[in-house]
Amino acid sequence: MSETAMLLNPDTANDVAAADQLMTLMYDELRHLAAARMANESSGHTLQPTALVHEVWLRLVAGGIERNWKDRAYFYNAAAEAMRRILIDHARRKSRLKHGGDQQRFNIDNFDLSVAPADERTLLINGALEELERVHPERARVVLLKFFGGMTNKETAETTGISERSVNRHWICARTWLFKRIESHAP
Amino acid sequence: MRTDPWPTNGILEQAEEIFCAALEIASSQERAAYVESSCGHDAELRAAVEGMLSSQPAVEIFFQQSTPVLLPNISQVVTAACCVPDNAVVSGEDAEFEGEQIGAYKLLQKIGEGGCGVVYMAEQQSPVRRCVALKVIKLGMDTKRVIARFEAERQALALMDHPNIARILDAGATQTGRPYFVMELVLGVRITRYCDEHCLNPCQRLELFIQVCHAIQHAHQKGIIHRDVKPSNILITNHDGVPVTKTIDFGIAKAISGQLLTDKTLFTAYEQFVGTPEYMSPEQAGMSNLDVDTRSDIYSLGVLLYELLTGKTPFDQNELLKSGPDEMRRTLREREPHRPSIKLGGLRLDELTETAFQRSVEPRKLKLLLKGDLDWIVMKALEKDRSLRYQTATGLAMDVQHYLNDEPVIARPPNRFYRFRKLVHRNKALFIMVGAVSLALILGFGTSSWLFVREHEARKEQVLLREEAERAEFNERRLRLEAEAAATFTQAAALINRGKFSEADRLIEEIQAPEIGPSLGAASVFRNLGRWNVAQGRWKQAADRYLKLYSANEIDPSDMTDAATRDLPAITMALIVAGDLSDYRRLMRETAIHFAKTEDPVAAEQILKINTFLLAETNTLVLLLPLERIAENSLVDQQAASRESQCMLAWRAQAVAMFYYRRGNWSSASQWARRGLDYPDNTTNRIAMAHAILAMAEHRLNSADGGADMDAARDIIDTRFPNHTIGAGIPDDTSGFWNDWITALLLYQEAEREVRPQTQCANGSSRRFAPPVVPKAITSSTF
């Protein structure tokens, strides 16, 4: 608890190593929580990342007291990044199994976007997002928080420190950009 | 090479501006007009904006469908019924894979693997779409016969409809020719694990067990025997926050077991036992496996109840498997298991504490609780002779309910004896009507069976008497030892009065904790000698004396006042310094349970205090939340606070600050530490503690802060520990309690590491994340 709290404090944990450690911690915490929640759910249930991230926030950090937005932003950034890793691992594992090969990436040439299973679409979006990170990092962060972290526009605005209106604009433009990017790779 | 899908940089910003604005216009005509007017004659710009707009519907659908979700995962979800060990017929190439289609089912994810098969979560596509569990049997067996057996029972299985039973839906063969079963998907954890993780008390466990009995009874009424009742086949799911049991795998054991009977063996070629021996009834273990009826399930239910209550099965699995096939069979068929309460008596102390903790009761109470009725109920279900067991699952459930309602249970032996006599009486009456010859015959038969029962009773009686005698002997020995110990304590007390501590210490050295029993005199001797050993710096001996003080104090279960907590800080601190963290942990658990419901703020404060010396586990801290409330309220409530001395309040504020600090709430920790410093009380070690906490909390809030408080704390620590280590021991004449001084020192050392890592060690940044364990400085300087 104390270690987590320490890592979550942006003042004591502002170096790269601490950020990395926090990510690892969030990764484990989210996975454990996902497992625990799954165990108690009725059949056919799926878990939304947003529910997980919020619950981890409540469990780990808040401790009954409202923390300031700075801590919160720091936490959400790490949580979204960890969630992205979990989802990508999950999707990669499944699509690898389906396509037989171990290292081989699935062949994009005979691939129809509209019927691609959710896992494969998640991987495609992740790939395009990596490109977006290079050309427009701020926009990529909005996608990370909203798409992988499951956050609302308001939360994303608080976390990134830009206005809600700009968040919305970034989101609309970014997803169109990502879509076209993916489409242009496919035949 | 394709063209870049995005407009070139020159017009990018403008195009996006128009695009976003246009999206907010609902009507397509107005939107087109807006785009046209905004772009004017710039054809490139207009093409870019229209390109973005035209793809919008596809984009929205694409992102909506791609919203990532996690599907149920993780092996803990459903466990397979392990019926048959893998006999290597299956090669890797045969195995099915996720995504494969089997009949009307698409495999989604592997969720469990047992001895005999693999369980997948699968999607049924027709006639209805739903998630199901699909179990593929690994064994290379005659698939047709397995399916035929299943088909034979299918009608009966279909009739089963009970909220606590997972339905079997279908069976078939995979392309590789292996049988599979489809059943209702149950996401849950096995009953034993659920109970332990939620620390359910015995009554809550019995309530769940009754649900299981009703499910089994329902199946029995439909003519289905489960044959493989065990915790991994009984899962708990949450239904609107209420735990509900689900029994899975009905009908599977039978369909499979038919195969194995052909060679009439319970062992495969590899001499592995088929099934889960510890849950198997004697008749299942025997050669006459064909002769299994509903009462076999009753036996397995008995084993389950045994495990729910004691955390152990009547026979240990490893021992059974180690003993070899013949011996195992003999054990199951002939050896009488220990009664649950006796089984608990045989556990190691730490096992017992853990078992009791998982059941939210104190160790001693748990044993008392099981003794008598519950022992009898369990043993009746576990009778080797099935005619002596409960005849139905409802019978078992009713008897458990009798226990819960405080009514007499029918499992008590006199009643059984009585029932048999009644039976003989009934038979006699019947045969008087039939005729004299038959009468004589039946009389003889009745008498012999009556005698048989009598003998059985007599044997039971003998066992009881022998146990009684053993207990008496044990008590006698204990009393004798206690008497001897009492004499020793009187002598030791006299020596202490004359100041001859080392002689007293030698005198009591040999006395073992169980011989002590609750005694004020013994407690006083151990308290004195514990303190004396501390003064000498003999920490190992001090910890030993203090641990015995804990035994001698043996707290009255109903006493939740601070009087019962008075020695705890010194006891626990001695254990910490001596490095005996496992006893420290045990004491914390026991006291946390004991004082969970206290309303005495002083007691609450003490428990908080001893739990926060070191970095505590999260679940312990959560357990302590109510105590923290009580302590904090007593400080906030002016009226209550006015009744206590300023010194008492200052200490309590310190405990609250510590608790907040361990919870990671720096600002509250800092606030309470400051409050502690505001009280007009000058106990120096407490002031040092408050400064150390304040320094650490402030440092966490703002890394530049904390220096001034560190200096204040150091000035006080310097007066007592010039080298900032314990040194040669803590003389009795020091002002204040020795343990408070050590607490202050530990906190100060922790603060030194936290606040001034650079000056303390070269690799400051890596040390920052190390949990504050007992500082090396202490342990190395004392031994």
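The values are calculated or read from the model by the stated rules, or taken from the named source; none is laboratory data. Given the structure is predicted, the values throughout are model-derived calculations rather than measurements. Cβ sites come from the backbone with ideal geometry, for glycine too, and all protein chains shown count toward neighbours.
Annotations
- Test for B:Thr313: is it under 19 Å from B:Ser232 (Cα atoms) and either among the charged types (D, E, K, R) or under 17 Å from the mean Cα position of the chain (by Cα) (or both): yes
- Top-ranked residue of region B:51-70 - restricted to ones that are polar (S, T, N, Q) and more than 9 Å from every other protein chain (Cβ to nearest Cβ), ranked as farthest from A:Glu183 (Cα to Cα): B:Gln64
- Check on B:Thr591, assigned to a helix (DSSP H, G or I), at pLDDT 85 or above and either out of contact with any Asp or Glu (no Cβ under 7 Å at 6 or more places or on another chain) or not hydrophobic (A, V, I, L, M, F, W, C) (or both): no
- Residue within region B:25-32 that is of a type outside the set (Asp, Glu) and within 14 Å of chain A (Cβ to nearest Cβ) present: yes
- Of the residues B:Leu308, B:Leu320, the single one that is assigned by TED's automatic domain parsing to the domain that holds B:Ala219, modelled with pLDDT of 85 or more and aliphatic (A, V, I, L, M) is B:Leu308.
- Candidates B:Arg335, B:Arg348, B:Arg330, B:Arg339 - the one that is of a type outside the set (A, V, I, L, M) and at pLDDT 90 or above: B:Arg339
- Unmet requirement for B:Trp539, which otherwise passes all of (1) in contact with a Ser or Thr (Cβ under 8 Å, 6 or more places away or on another chain); (2) surrounded by fewer than 23 Cβ atoms within 10 Å (Cβ to Cβ): (2)
- Any chance B:Arg190 is within 25 Å of B:Leu366 (Cα to Cα) and within 14 Å of chain A (Cβ to nearest Cβ): yes
- Of the set (1) of a type in the set (Ser, Thr, Tyr); (2) under 14 Å from A:Ala73 (Cα atoms); (3) within 10 Å of another protein chain (Cβ to nearest Cβ), all apply to A:Thr176 but (2).
- The helices (runs of 4 or more DSSP H) found entirely in region B:274-383 that carry 3 or more residues being touching a residue at least 40 places away in the same chain (Cβ under 8 Å) are B:282-285, B:294-310, B:317-322, B:325-334, B:349-358, B:363-370, B:373-381.
- Residues of region A:151-171 that are crowded, with 19+ Cβ neighbours inside 10 Å and facing chain B (nearest Cβ under 10 Å): A:Arg169, A:His170, A:Trp171.
- Taken over region B:689-725, the criterion of being assigned to a helix (DSSP H, G or I), more than 39 Å from the chain's Cα centre (by Cα) and closer than 28 Å to B:Gly537 by Cβ is satisfied by B:Met710, B:Ala712, B:Ala713, B:Arg714, B:Asp715, B:Ile716, B:Ile717, B:Asp718, B:Thr719, B:Arg720.
- Criterion (basic (Lys, Arg), in contact with a helix residue (DSSP H, G or I) (Cβ under 7 Å, 6 or more places away or on another chain) and surrounded by fewer than 20 Cβ atoms within 10 Å (Cβ to Cβ)) met by exactly one of B:Arg178, B:Arg190, B:Arg167: B:Arg190
- Condition met for B:Gln211 (at pLDDT below 85 and surrounded by fewer than 24 Cβ atoms within 10 Å (Cβ to Cβ)): no
- Taken together, B:Arg205, B:Arg193 contain a single residue that is modelled with pLDDT of 90 or more and basic (Lys, Arg), which is B:Arg205.
- Restricting attention to region B:654-670, the residues that are of a type in the set (S, T, N, Q) and more than 11 Å from chain A (Cβ to nearest Cβ) add up to 2.
- Evaluation of B:Leu614 against (1) in contact (Cβ under 8 Å) with a residue 40 or more places away in the chain; (2) more than 14 Å from chain A (Cβ to nearest Cβ) (one fails), failing number: (2)
- Cβ-Cβ under 6 Å pairs, at least 6 apart or on other chains, region B:25-50 side under 16 Å from A:Thr176 (Cβ atoms), far side assigned to a loop (DSSP other than H, G, I, E, B) and among the β-branched types (Val, Ile, Thr): B:Arg31/B:Ile25
- Where B:Val132 falls short, out of the listed (1) at pLDDT 80 or above; (2) more than 11 Å from chain A (Cβ to nearest Cβ): (2)
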